[in-house]
1. Could you please give the count of residues in segment A:174-199 that are surrounded by 17 or more Cβ atoms within 10 Å (Cβ to Cβ) and in contact with a strand residue (DSSP E or B) (Cβ under 6 Å, 6 or more places away or on another chain)?
2. Would segment B:289-300 turn up any residue that is part of a helix (DSSP H, G or I), within 12 Å of chain A (Cβ to nearest Cβ), near the ligand (Cβ under 9 Å from one of its atoms) and closer than 24 Å to A:ARG17 by Cβ?
3. Is at least one residue of segment A:28-36 among the basic types (Lys, Arg) and touching a Pro at 6+ places or on another chain (Cβ under 7 Å)?
4. List the number of the failed condition for B:ALA106; all other conditions in (1) without any contact (Cβ under 8 Å) to a residue 12 or more places away in the chain; (2) touching a strand residue (DSSP E or B) at 6+ places or on another chain (Cβ under 6 Å) hold.
5. Among (1) crowded, with 24+ Cβ neighbours inside 10 Å; (2) more than 10 Å from every other protein chain (Cβ to nearest Cβ); (3) of a type in the set (A, V, I, L, M, F, W, C); (4) over 16 Å from B:ILE72 (Cα atoms), where does A:LEU96 come up short?
6. If B:SER211 meets every condition in (1) of a type in the set (Ser, Thr, Tyr); (2) within 16 Å of the ligand (Cβ to nearest atom); (3) crowded, with 16+ Cβ neighbours inside 10 Å apart from one, which number is that one?
7. Specify the residue that is nearest to the other protein chains (Cβ to nearest Cβ); the eligible residues are those in segment B:141-164 that are surrounded by 17 or more Cβ atoms within 10 Å (Cβ to Cβ) and out of contact with any strand residue (DSSP E or B) (no Cβ under 8 Å at 6 or more places or on another chain).
8. May I ask you to list pairs of residues, at least six apart or on different chains, whose Cβ atoms are under 9 Å apart, with the first in segment B:60-76 being surrounded by fewer than 18 Cβ atoms within 10 Å (Cβ to Cβ) and the second being among the β-branched types (Val, Ile, Thr)?
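The values are calculated or read from the model by the stated rules, or taken from the named source; none is laboratory data. What you see is a predicted model, and the numbers here were worked out from it, not measured in a lab. Neighbour counts are summed over all protein chains in view; Cβ atoms, including those assigned to glycine, are modelled from backbone coordinates with ideal geometry.
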Amino acid sequence: MKRILVGIKRVADSSTRVRVKPDGSGVALDGVKMSINPFDEIALEEALRIKERGAADEVVVASVGAADWQQQLRTALAMGADRALLVQSDAPLESLDVARILLQLVKREQPFAVILGKQAIDDDNSQTGPMLAALWERPQATFASKIELREGTAVVTREVDAGLEVLEVELPAVFTTDLRLNEPRYVKLPNILQAKKKPLEVLTLASLGIGPRARVKLVRVEPPPVRSKGIAVKTAAELVEALQKRGVI
Amino acid sequence: MSSKVLIVAEHADGRLNPAIAKCMRCARTLPDAQVSVAVLAADGGAVAAQAAALEGVAEVLRVDHPANAHPIASILAPQVAQLAPPFTHVLGPTTTFGKDLMPRVAALLDVPQISDIMAVVNARCFRRPIYAANAIATVEVAADTKIVATVRTASFEAVAAAATPAAVRAVSTTAQLPTYTRFVSVSAPHADRPDLQSARRIISGGRGLGSADNFALLYRVADKLGAAVGASRAAVDAGYVRNELQVGQTGKIVAPELYIAVGISGAIQHLTGIKDARTIVAINKDGEAPIFEVADIGLVGDLFEILPELERLLAARQARAQ
Ligand SMILES: Cc1cc2nc3c(=O)[nH]c(=O)nc-3n(C[C@H](O)[C@H](O)[C@H](O)COP(=O)(O)OP(=O)(O)OC[C@H]3O[C@@H](n4cnc5c(N)ncnc54)[C@H](O)[C@@H]3O)c2cc1C
């Protein structure tokens, strides 16, 4: 079975403006719309397209998170994934622990490709993909904007600071997605109903033999400093004058 | 307790990336820091010399190996991991190079990573942006855990040149280098424009520009200002400009003295990328656009009238100065 494993994280929707809790313990997520991390949605879309081209037989989505993450896994199933796995953990985990857990799933599922988002838009860590690749001792192609599968390898275009880089990696490999890899499909209503019947397996950390190690403590969360109020100018000439006054031109 | 810091040098075409001088500033804010820089290259002579010339560098470790000709994370990571044991901190820049490499290093060392350090509180405690910098987290790494981290270069000024350059020491590692990743190509650098991440002035265009051709209006103003050109995601997605010009949460984080946003609405993902700019100017025809909430100077109007006028005024000013 040619299988692709896709990581799904539940995050505050990218259109919401989150607020810091007054006690500084974190950000307030009560009542905030939660969604699949946009980069993970792109990862799933890519896996589905590979399967639709006949280059994969099965797309498995996996999350490491709390019970309510099942909602996002159901959305992923509605998008077209075949099966879902939730490794349940109520405490948030560090990326390295998530990578260790994903490694256990990789050993179980034996995918030829693992596709993850390049970053999650909540903690903006950008770590899990390369960490998993290191633990798995396999190649990584991060920030992918194009993935071409060949015989036993993938040729990947990566969005790097210099522009575009092309790498060829042997399979199996870990890929992380950039924004321009694809545009994820919308979920159709009948598919939401169908998705309810697709398998969603819940696993415990203990069953995978993983004990999380909290080695980074969150001391506090604060709102960012606010910029002082600006001035309005009416014409380009006034703009040039204002810039001169500030000494920036 | 003193901090022994290793910075992994980013470089291309024999030039040290300016981000490293900023990582150096971050490293020096650690208590009692002793800083080494590792240069992994096929032939790292020139880059090692540039690293040795940064103020505060104690030593440069030069690791020459033919496999290091291109910055491939799976090849560099085991070598960095092998250099790491004597150090308390291993740092790289929050660039695509650092974001690709450092987590791989952290995993090989079996330690967590701190991404995007914007301030050092103490040797184990750091401030970093989360939620597209809509919140700032203070995080602390447990004692006895080696710290692997990336440094938000927009938050640190480059260090100056050293009075006397540091020693360069050639080292070799016995790390097993995997052959499962092959470099194919990288787009040629566009040397005609100042680099976004070190530019003092940036003018960026958004969807409001309407086409790739219209970006010429922006480039002409950029020329008059000696500015780098940036863009919003919408402008890149629409194919107006190349991807590497994208500024924001998932593009480049910039910290110029002057940032001019033209035809950009000011979505949070874009604003993250420009928060460290000293002066932000917004030019937008919609007076309600969120970009005006962060702008130091706002100009409501049609960019197609304002840009040519701005170019003319700046040209006249230049002529007067000569
Ligand atoms: C996961 C994720 C990551 C993202 N990462 C980034 C990122 O890194 N960087 C980024 O920029 N965005 C990013 N975005 C996208 C972001 O949310 C916005 O969609 C994007 O920034 C909008 O670009 P824009 O301002 O150019 O376009 P729009 O929002 O469409 O704004 C265009 C503006 O142009 C103005 N305008 C139009 N015509 C004229 C005229 N003639 N004269 C003057 N003004 C005019 C309009 O009034 C409007 O305000 C991300 C989104 C997601 C979900």
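1. 7
2. As a first pass, look at segment B:289-300 and keep what is part of a helix (DSSP H, G or I): B:291-294.
Adding the requirement that they be within 12 Å of chain A (Cβ to nearest Cβ) leaves B:291-294.
So of that shortlist, the ones also near the ligand (Cβ under 9 Å from one of its atoms) come out as B:291.
Now drop any that are not closer than 24 Å to A:ARG17 by Cβ, which leaves B:291.
Within segment B:289-300, one or more residues are part of a helix (DSSP H, G or I), within 12 Å of chain A (Cβ to nearest Cβ), near the ligand (Cβ under 9 Å from one of its atoms) and closer than 24 Å to A:ARG17 by Cβ.
3. Here is the first cut: in segment A:28-36, the ones among the basic types (Lys, Arg) are A:33.
From the residues that got through so far, the ones that are touching a Pro at 6+ places or on another chain (Cβ under 7 Å) too are none.
No, that holds for no residue.
4. Status for B:ALA106: all satisfied but (1).
5. Among (1) crowded, with 24+ Cβ neighbours inside 10 Å; (2) more than 10 Å from every other protein chain (Cβ to nearest Cβ); (3) of a type in the set (A, V, I, L, M, F, W, C); (4) over 16 Å from B:ILE72 (Cα atoms), A:LEU96 violates only (2).
6. Of everything listed in (1) of a type in the set (Ser, Thr, Tyr); (2) within 16 Å of the ligand (Cβ to nearest atom); (3) crowded, with 16+ Cβ neighbours inside 10 Å, B:SER211 misses just condition (3).
7. B:ALA154
8. What qualifies is B:ASP64/B:VAL39; B:ALA67/B:ILE75; B:ALA67/B:THR179.
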